[in-house]
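Asks: For reference, the structure I am asking about is given below.
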Amino acid sequence: MTGDYANAGYDEFVAAVAEGEAYYLECANGHGELPPRRVCPECGSTEFTEEPLPAAGEVRTYTVTHVAAPSFADDAPYVTAIADFGPVRITAQLRGIDPDDVETGMSVGLGVETTETTGADLLVVRPR
């Protein structure tokens, strides 16, 4: 996918997170997904409703990047975490904590900030 179509749904999701109105998509059978999902991978449903994303998530796993790709070079070292937010998992940069102090199970909130390297928006989680 290229152009605007490639980001259709995702950009709206990031904007909603930035405005404090984060949501996830729920199919008719109750499976949670993140935009821009068009088909539920669990059941094949193509009908979704937008549901409010829980305010707090829980870190399930994480990794610390010391040598970053060029688009994140000025951000290193940084932590990338996968956190459960109710029925969905979100991958985001974990900020606001020393990388040595990160633990699985910690409570985090979701937001949007910018990269040090490019100034582009990205999803971040911060300890609650």
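Asks: Consider E21 carefully, then state whether it is assigned to a helix (DSSP H, G or I), more than 12 Å from the chain's Cα centre (by Cα) and not assigned by TED's automatic domain parsing to the domain that holds P127.
Replies: Answer is no for this residue.
Asks: Still on this structure: Among residues belonging to region 100-128 that are in a strand (DSSP E or B) and of a type in the set (A, V, I, L, M), point out the one that is surrounded by the most Cβ atoms within 10 Å (Cβ to Cβ).
Replies: Ranking the candidates gives V125 first.
Asks: Another question, then. When you check E42 against the structure, is it at pLDDT 95 or above, outside the structural domain of E116 (by TED's automatic domain parsing) and farther than 18 Å from I82 by Cα, yes or no?
Replies: It is false that E42 is at pLDDT 95 or above, outside the structural domain of E116 (by TED's automatic domain parsing) and farther than 18 Å from I82 by Cα.
Asks: Anything in region 39-64 that is touching a residue at least 24 places away in the same chain (Cβ under 8 Å) and out of contact with any Phe, Trp or Tyr (no Cβ under 7 Å at 6 or more places or on another chain)? List them, or say none. Step through it out loud before you land on a result.
Replies: Narrowing region 39-64 to residues touching a residue at least 24 places away in the same chain (Cβ under 8 Å): 49-62, 64.
Once the filter is applied, which keeps residues that are touching a residue at least 24 places away in the same chain (Cβ under 8 Å) and out of contact with any Phe, Trp or Tyr (no Cβ under 7 Å at 6 or more places or on another chain), region 39-64 yields T49, A55, A56, E58, V59, R60, T61, Y62, V64.
Asks: Does region 26-80 hold any residues that are assigned to a helix (DSSP H, G or I) and out of contact with any strand residue (DSSP E or B) (no Cβ under 8 Å at 6 or more places or on another chain), and which are they?
Replies: Filtering region 26-80 for residues assigned to a helix (DSSP H, G or I) gives 70-75.
P70, S71, A73, D74, listed by residue number.
Asks: Kindly indicate whether I97 is surrounded by 15 or more Cβ atoms within 10 Å (Cβ to Cβ), in a loop (DSSP other than H, G, I, E, B) and touching a residue at least 12 places away in the same chain (Cβ under 8 Å).
Replies: Spelling it out, I97 is indeed surrounded by 15 or more Cβ atoms within 10 Å (Cβ to Cβ), in a loop (DSSP other than H, G, I, E, B) and touching a residue at least 12 places away in the same chain (Cβ under 8 Å).
The values are calculated or read from the model by the stated rules, or taken from the named source; none is laboratory data. Being a predicted model, the structure only gives us computed values, none of them experimental. Here the Cβ is made from the backbone with ideal geometry for all residues, glycine too, and neighbour counts use every protein chain on show.
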